[in-house]
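Below: one structure, written as structure tokens.
The values are calculated or read from the model by the stated rules, or taken from the named source; none is laboratory data. The shown structure was predicted, so the numbers you read here are calculated from the model rather than taken from an experiment. Counting neighbours? That spans all protein chains shown, and the Cβs are built from the backbone with ideal geometry, glycine included.
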Amino acid sequence: MKKEILSAIKLTVVLIILLMVIYPIIVWGMAQFTSGSGNGQTITENGKMYYANIGQTFNDDKYFWSRPSAVDYNAAGSGGSNKAPSNKEHLQLVQARIDTFLIHNPDIKKSEIPVDLVTASGSGLDPHISVKAANVQVKRIAKIRGVAEGNLQKLIVSNTEKPLMGLFGPERINVLKLNIALDNFK
């Protein structure tokens with residue numbers, strides 16, 4: 001019995017050193033080679049700092065709207081709604097988002113609304129929308145800002161991020177970067 005207790009204590013000490021010292025140092029060291037050196041991707045615009053890799057709320061008609069968030073874009077408590085696609089409450093929420101979108105975009109048919117504009121991501125913090133989600137909002141923004149739709153299309157193309165290594169994932173657009181480019185558009 002004494003032998004097992006001593007082995008358990010040794011194993012505990014080894015795991016504490018491994019998991020509380022060595023592993024965090026390795027992760028921290030690897031993060032130093034990422035953009036932002038492990039502090040996230042930040043953008044400073046007009047003296048205000050934004051995190052480009054965390055979703056932001058954009059629901060003003062003069063901007064491209066973000067993907068909805070189940071956690072109100074609170075990075076301290078990320079997570080999805082955990083409701084099944086057949087859940088009555090979830091379906092009502094999605095229908096309310098569709099109705100709101102159609103009110104603000106009367107030229108769009110319900111069938112043209114991309115799913116990423118009415119459903120939250122798994123983390124609730126997704127900063128990206130699909131190219132289709134950006135394109136479906138062009139008419140509204142062009143009308144409000146008095147900008148030609150073709151110019152907004154060019155802005156979308158110039159802010160489209162390609163798949164990782166040209167293979168992994170779809171094309172996507174960071175909504176914060178797109179809206180900053182929209183505000184700076186002359």
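Candidates ASP72, ASP60: the one that is under 22 Å from GLY122 (Cα atoms), acidic (Asp, Glu) and out of contact with any Leu (no Cβ under 9 Å at 6 or more places or on another chain) is ASP72. Listed conditions (1) modelled with pLDDT of 85 or more; (2) farther than 18 Å from VAL175 by Cα; (3) assigned to a loop (DSSP other than H, G, I, E, B); (4) not aliphatic (A, V, I, L, M) are all met by LYS62, apart from (2). Restricting attention to the stretch 130-186, report how many residues are outside any helix (DSSP H, G or I) and among the β-branched types (Val, Ile, Thr). Number satisfying all stated conditions: 4.
Is there a residue being of a type in the set (D, E, K, R) and touching a residue at least 24 places away in the same chain (Cβ under 8 Å) anywhere in the stretch 46-60?
First, pick out the residues of the stretch 46-60 that are of a type in the set (D, E, K, R): 48, 60.
Now narrow it down to the ones that are touching a residue at least 24 places away in the same chain (Cβ under 8 Å): none.
Scanning the stretch 46-60 turns up no residue that is of a type in the set (D, E, K, R) and touching a residue at least 24 places away in the same chain (Cβ under 8 Å).
Only one of the numbered conditions (1) free of Cβ contacts under 8 Å to residues at least 12 places away in the same chain; (2) surrounded by 17 or more Cβ atoms within 10 Å (Cβ to Cβ); (3) among the basic types (Lys, Arg) is violated by LYS162, and that is (2). What number of residues within the stretch 56-110 are surrounded by 17 or more Cβ atoms within 10 Å (Cβ to Cβ), touching a strand residue (DSSP E or B) at 6+ places or on another chain (Cβ under 8 Å) and of a type in the set (Gly, Ala, Ser)? Result for the stretch 56-110: 1.
Would you check if there is a residue in the stretch 29-47 being assigned to a strand (DSSP E or B), modelled with pLDDT under 85 and exposed (fewer than 10 other Cβ atoms within 10 Å of the Cβ)? Among the residues of the stretch 29-47, at least one is assigned to a strand (DSSP E or B), modelled with pLDDT under 85 and exposed (fewer than 10 other Cβ atoms within 10 Å of the Cβ), which makes the answer yes. Touching a residue at least 40 places away in the same chain (Cβ under 8 Å) and either in contact with a Lys or Arg (Cβ under 6 Å, 6 or more places away or on another chain) or hydrophobic (A, V, I, L, M, F, W, C) (or both), is that true of LEU125? So LEU125 passes the test.
Based on this model, can you work out whether SER7 counts as polar (S, T, N, Q) and under 23 Å from ILE98 (Cα atoms)? Working first, answer last.
Values: polar (S, T, N, Q): yes; under 23 Å from ILE98 (Cα atoms): no.
No.
What about ALA142, is it surrounded by fewer than 17 Cβ atoms within 10 Å (Cβ to Cβ), under 23 Å from LYS83 (Cβ atoms), of a type in the set (A, V, I, L, M, F, W, C) and without any contact (Cβ under 8 Å) to a residue 24 or more places away in the chain? It is false that ALA142 is surrounded by fewer than 17 Cβ atoms within 10 Å (Cβ to Cβ), under 23 Å from LYS83 (Cβ atoms), of a type in the set (A, V, I, L, M, F, W, C) and without any contact (Cβ under 8 Å) to a residue 24 or more places away in the chain.
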